[in-house]
Structure formats: structure tokens, C-alpha cells
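To start, the structure under review is shown below, and the notes come after it.
The values are calculated or read from the model by the stated rules, or taken from the named source; none is laboratory data. Computed from a prediction, not measured in an experiment: that's the story for all the values here. Counting neighbours? That spans all protein chains shown, and the Cβs are built from the backbone with ideal geometry, glycine included.
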Amino acid sequence: MTDSLGWRQKFAVLIPSTNTSVQPEFDAMRPVGVTNHISRIRIPNIPLQSNEDFSRLIELIAAAQNEAVDAVMSCEPTRLVLGISAETFWDGLKASVRLKAELGARTQLPVSMGSEACGRAFKRLGMKTIAVVTPYHPVGDENVVRFFEEAGFRVKRIKGLKCASPVKIAHVSELELAHALREIDGDDIDGIIQVGTNLAMARLAAQAELWLDKPVVAINTAIYWDALRSSGIEDKMAGFGSLLEKY
């Protein structure tokens, strides 16, 4: 017999304990027969005032990650889904590939994560030259640019919002995000990607595609889309942008 609610897939979703956006956004995109099982990486809500602070945050996540991975495995999930983005971009393409391999080896599960999901989404949407919105400090932005360019994409512009703490990332309003999208838009890009999974932008991305007339991808949508499609689930859903609605 299979799980009565998760009869198609049971996703183990790994997020920092400070993240309040991934769980509701993933649940809003969840089709019938798929269940999301959240495991929180326990980290403090440290102030983020500098590159050094942001680098320390990445170290804290990495140090506490395996405990959260091991905790969720007892529900017997079918896929590990990383609801984290900064760590998946950190130190470039090779480090991202290594992180996925390590998590796959530890869990013996297929793994979906933001860096790889973005690349797959870009290729599906025909995005080669991009602009990026992040909640990060400059060191985080540098790692995002490094990853995308090593993966074969061109980053024309990037705007980091320099949020003051991990929790404060979720306090960024849709109006602030809309201003950021307009600021980095231009005729010289194919589309826009928002990274930072605690920025709630899944629904705004769908709206922004109408007034910018180009693909706008929220990373939570890209991650969940990749997890579904990689699991053989082709359900399409309106309200979160063309990626999940058409592909």
C-alpha cells in the first residue's frame, strides 16, 4: 500500500528554521497526491550587516543541515527538495554539483535544489541573458553570478536587497519587489530570476510577466516545478507564472 495522501510523491523539504515563505508557497503549488514534509535546519536569526555576517549564515546552515536531513528521513520520503537557495549557489557550479551528490548519497533519494532548477527553467523558457533579484549582501550576489555564468548564462544585472536578518527577508513586500523588478528590467535581457527562498514572490512573478512581457521566475516556483517534473508529475497550475502553467 502507498501513503493515503502522498500516493504520488512524498517530498522531504529542507528549509532554514528562519524561513516562513517556502512552506506556504510550496503548499499552494502542491497537486493532489503529493505531500510536503518540512524539516527545519536550526539556525539563529543573526543580524546581517556585512559580507562577513552573510558568510557566517551560510556556514551555520551547512553545519546544521545533516541533522535536519536525517530527521525527515523517518517519514520515508520519495524525494529531497532543498528549500534553500544561497547554499546551492555558493562557490560555483562544481560545489553545487558536489552538494547534490553528497545529499543524494546520504539519503539515497533523488534531490531537487534551486541552482539546478533555475538552469533547467531558463533552458525551458529560452532565457540566456538574465537579471537577478536577491535578498543578499554583495558576497551572496557574487556567488549567484559566479554560478550562473559557470552554468552558461549571462547575468546582465543583479540587485541585492541586503536584508537585515534571515527573518527580515520574508518582510520584503510585493511593492518593494515590483520596484526591484522594474529597476533591473531592460530590452537586453531574456528574463528575470528572483533567488532567496524566503522572499515570497511566486504569485508576483506571474503578475510581473504580464507587465514586463518576459519570463519572470521565482525560485520557489522553479524548485517545486523541477521537483514535480523530475518525479514524472506533469500537472500544470495557473497563478505562479508561465513555467508552472505551461511547461
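Brief remarks on what is shown
- Hits in the stretch 1-56 (condition: β-branched (Val, Ile, Thr) and modelled with pLDDT of 95 or more): Val13, Ile15, Thr18, Thr20, Val22, Val32, Val34, Thr35, Ile38, Ile41, Ile43, Ile46
- Against the list (1) of a type outside the set (S, T, N, Q); (2) free of Cβ contacts under 8 Å to residues at least 60 places away in the same chain; (3) out of contact with any strand residue (DSSP E or B) (no Cβ under 6 Å at 6 or more places or on another chain); (4) closer than 17 Å to Thr197 by Cα, the condition Val111 fails is (3).
- Some residue of the stretch 25-38 being in contact (Cβ under 8 Å) with a residue 24 or more places away in the chain, assigned to a helix (DSSP H, G or I) and not aromatic (Phe, Trp, Tyr): yes
- Conditions (1) over 16 Å from the mean Cα position of the chain (by Cα); (2) surrounded by fewer than 23 Cβ atoms within 10 Å (Cβ to Cβ); number of the one not met by Ser230: (1)
- Options Asp226, Asp213, Asp188; residue that is touching a Ser or Thr at 6+ places or on another chain (Cβ under 6 Å) and of a type in the set (D, E, K, R): Asp226
- Any chance Leu175 is within 28 Å of Gln49 (Cα to Cα), in a loop (DSSP other than H, G, I, E, B) and not small (Gly, Ala, Ser): no
- Selection count where residues are surrounded by 15 or more Cβ atoms within 10 Å (Cβ to Cβ) and among the acidic types (Asp, Glu), scope the stretch 36-58: 1
- Positions within the stretch 48-86 being of a type in the set (A, V, I, L, M) and part of a loop (DSSP other than H, G, I, E, B), in sequence order: Leu48, Ile84
- Sub-8 Å Cβ pairs linking a first residue in the stretch 47-58 that is assigned by TED's automatic domain parsing to the domain that holds Ala86 to a second residue that is assigned to a loop (DSSP other than H, G, I, E, B) and exposed (fewer than 13 other Cβ atoms within 10 Å of the Cβ), at least 6 apart or interchain, are Asp53/Pro47, ordered by first then second residue.
Yes/no per residue for (1) at pLDDT 95 or above; (2) among the small types (Gly, Ala, Ser); (3) within 30 Å of Ile46 (Cβ to Cβ):
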| position | (1), (2), (3) |
| --- | --- |
| Ala180 | yes, yes, yes |
| Gly186 | yes, yes, no |
| Leu204 | yes, no, yes |
| Leu210 | yes, no, no |
| Asp213 | yes, no, no |
| Tyr224 | yes, no, yes |
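- Residue in the stretch 199-211 that is more than 16 Å from the chain's Cα centre (by Cα), outside the structural domain of Ile58 (by TED's automatic domain parsing) and buried (at least 24 other Cβ atoms within 10 Å of the Cβ) present: yes
- Counted residues, the stretch 108-145 - those being part of a helix (DSSP H, G or I) and within 29 Å of Ile46 (Cα to Cα): 13
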